[in-house]
Amino acid sequence: MSRLKIHIHPLVGIIAIAWVMFALYVNHIVSALILSSILFTYLILTLPSEQIRRLAVLYLWITIPPYVLLAIIYGPIEAVELILRLISITITFTSALQLIKPIELSYVTSKLGLPQLTALAIPMVIKLSDYMGYSISETVVAMRGRGLKGRKLLLNIPIPLVVHVINSSAHFAEALAQKRFDKVSTAYGKPKVGFTDVVVICYIILNAVFLVMKWI
Amino acid sequence: MEDVWYKDIVKGINIVCGKGITAIIGPNGSGKTTTLRLITKSLKPDRGKVLIPDKVGSSWQNPYYTFIKSTVYEEFKEFFKDRKEIEDFLGNYGLKHLIDKYTFKLSMGQARIISILIAISWSPNALVVDEPTNGLGLKEKKMVEELLKSMKIPVIIASHDLDFVLKISDYVYVMNDGHIIAEGSALDVFYDDKFSLLEFPEPYAVIVGKRLGRRLRSIE
């Protein structure tokens, strides 16, 4: 069950991602980590517990094996810094993209001059990633059911998946057509600025001011 | 399965599947598909034992996930010596005409039957089928019924189609909220008070029996 409905303005999401990348570039890891933590807190308030658990597992997979590898190559202290950068980027990307409404992102991307189809496709791919994960697990189960294991299973997984993607797209197009996509636009939603956006933007501005003063 | 638990979905169930057809019925979200996943070892139970044969064939709700070749003939090529054998095999189920069809263009009913046939083609020791009658026409339903009845290995199905379950199953488990609330032969289950608590529509044969003021002993 989801708890709160929190969304961020697509532009704020993009700015947040840009700021984190910039902060990491100029070695302000703490600043990047705080911003990613703010976004992640909003995400936790939004998502159902099952999805949070899955995200946590994803983060563990992203951090622990690379940490072991980096610790061997660069030593444990250096590895911590690199992993913090990695966590910061991963959390910011996943949180910002999950907090953006797809139709609002479509609106912004279309204003950037992208064709309508591409504008709609980007948020759809982001939002459907969970569904894609489900399709993969369904395919694995079906492959096992016909006696495929190991390498043979891995080699054959893409076939039903690709067909499924094509079929799903056709069904999706059908559904959109049923919703009179040609007459009443269901693709775009003009984004509004909310409290969450103000918090994120204020944090970025404060950090930017602090950084500029430090440089001066 | 012995005292098997899985998250909040399956809560300490015991299932024994002998030869013949075992059916699991229950409302949506009662844990039927998860139980089948545990039986095929696609999921690992949090607690309890699942003892199954090495080779378990399965066919799931979306049969199209099973296909990896472009035509029905190619799907069966690795399991049979030549085209003639495949034709004979499909012919047993009245499906010879599908041999050169594109797998991904099969109708839902045809795809389901072909998916079950693929699942049995690699000679598994048991067969698991989730919702075998989903999307099937009357003719295809009859075909699946005959196909499952002809199996010499234990068959486990999960279904909402109670008329189908009554016709083909030797033993039935009723699941609700992760628990098994009733079990026995299909008719015993459908006359069980716990089953009526689920407010499921009764199978047609049971309704007719009630109207005639009789309790059915068999549907033969």
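The values are calculated or read from the model by the stated rules, or taken from the named source; none is laboratory data. Quick caveat, the model's predicted, so the values are computed rather than measured. Counting neighbours? That spans all protein chains shown, and the Cβs are built from the backbone with ideal geometry, glycine included. The protein model used for the area step is the full one, side chains on, heavy atoms only, and it has no ligands, DNA or RNA in it. Shrake-Rupley method; radii C 1.70, N 1.55, O 1.52, S 1.80 Å.
Taking the residues in segment B:84-110 that are in contact with a Phe, Trp or Tyr (Cβ under 7 Å, 6 or more places away or on another chain) and modelled with pLDDT of 90 or more as candidates, determine which candidate is farthest from B:Val129 (Cα to Cα).
Across segment B:84-110, the extreme among qualifying residues is B:Asp100.
Only residues that are crowded, with 19+ Cβ neighbours inside 10 Å and free of Cβ contacts under 8 Å to residues at least 40 places away in the same chain: list them for segment B:190-220, please.
Once the filter is applied, which keeps residues that are crowded, with 19+ Cβ neighbours inside 10 Å and free of Cβ contacts under 8 Å to residues at least 40 places away in the same chain, segment B:190-220 yields B:Phe190, B:Phe195, B:Gly209.
Which condition breaks for B:Tyr93 when tested against (1) in contact with a strand residue (DSSP E or B) (Cβ under 8 Å, 6 or more places away or on another chain); (2) hydroxyl-bearing (Ser, Thr, Tyr); (3) touching a residue at least 40 places away in the same chain (Cβ under 8 Å)?
(1)
Mind checking whether some residue in segment A:11-19 is more than 19 Å from A:Pro102 (Cα to Cα) and touching a residue at least 12 places away in the same chain (Cβ under 8 Å)?
Looking through segment A:11-19, at least one residue is more than 19 Å from A:Pro102 (Cα to Cα) and touching a residue at least 12 places away in the same chain (Cβ under 8 Å).
Conditions tested, residue by residue: (1) within 11 Å of another protein chain (Cβ to nearest Cβ); (2) within 19 Å of B:Lys19 (Cα to Cα).
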| position | (1), (2) |
| --- | --- |
| B:Tyr65 | yes, no |
| B:Glu85 | no, no |
| B:Asp88 | no, no |
| B:Gly94 | no, no |
| B:Phe104 | yes, no |
| B:Leu136 | no, no |
| B:Met143 | no, no |
| B:Lys149 | no, yes |
| B:Ile153 | no, yes |
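Report yes if some residue within segment A:40-50 is more than 26 Å from A:Pro191 (Cβ to Cβ) and either polar (S, T, N, Q) or more than 14 Å from the chain's Cα centre (by Cα) (or both); otherwise report no.
Within segment A:40-50, one or more residues are more than 26 Å from A:Pro191 (Cβ to Cβ) and either polar (S, T, N, Q) or more than 14 Å from the chain's Cα centre (by Cα) (or both).
Please work out which residue is farthest from A:Lys214 (Cα to Cα), limiting yourself to segment A:6-36 and to residues that are assigned to a helix (DSSP H, G or I) and open to solvent by 60 Å² or more (accessible area, probe 1.4 Å).
Here the residue is A:Leu11.
Of the residues that make up segment A:148-161, is at least one open to solvent by 30 Å² or more (accessible area, probe 1.4 Å), at pLDDT 75 or above and at positive phi?
Taking every residue of segment A:148-161 in turn, at least one turns out to be open to solvent by 30 Å² or more (accessible area, probe 1.4 Å), at pLDDT 75 or above and at positive phi.
If you scan segment A:183-216, which residues turn out to be in a helix (DSSP H, G or I), at pLDDT below 85 and of a type in the set (D, E, K, R)?
Across segment A:183-216, the qualifying residue is only A:Lys214.
A:Ala175 - would you say it is more than 9 Å from every other protein chain (Cβ to nearest Cβ) and either surrounded by fewer than 12 Cβ atoms within 10 Å (Cβ to Cβ) or at pLDDT 85 or above (or both)?
On the way: more than 9 Å from every other protein chain (Cβ to nearest Cβ): yes; either surrounded by fewer than 12 Cβ atoms within 10 Å (Cβ to Cβ) or at pLDDT 85 or above (or both): yes.
So A:Ala175 fits the description; yes.
Of all residues in segment A:135-158, which are within 8 Å of chain B (Cβ to nearest Cβ) and touching a Lys or Arg at 6+ places or on another chain (Cβ under 8 Å)?
A:Val141, A:Gly147
Can you pull out every residue in segment B:33-60 that is within 12 Å of chain A (Cβ to nearest Cβ), in contact (Cβ under 8 Å) with a residue 40 or more places away in the chain and in contact with a strand residue (DSSP E or B) (Cβ under 7 Å, 6 or more places away or on another chain)?
Of everything in segment B:33-60, those that are within 12 Å of chain A (Cβ to nearest Cβ), in contact (Cβ under 8 Å) with a residue 40 or more places away in the chain and in contact with a strand residue (DSSP E or B) (Cβ under 7 Å, 6 or more places away or on another chain) turn out to be B:Thr33, B:Leu36, B:Ile39, B:Thr40, B:Val56, B:Gly57, B:Ser58, B:Ser59, B:Trp60.
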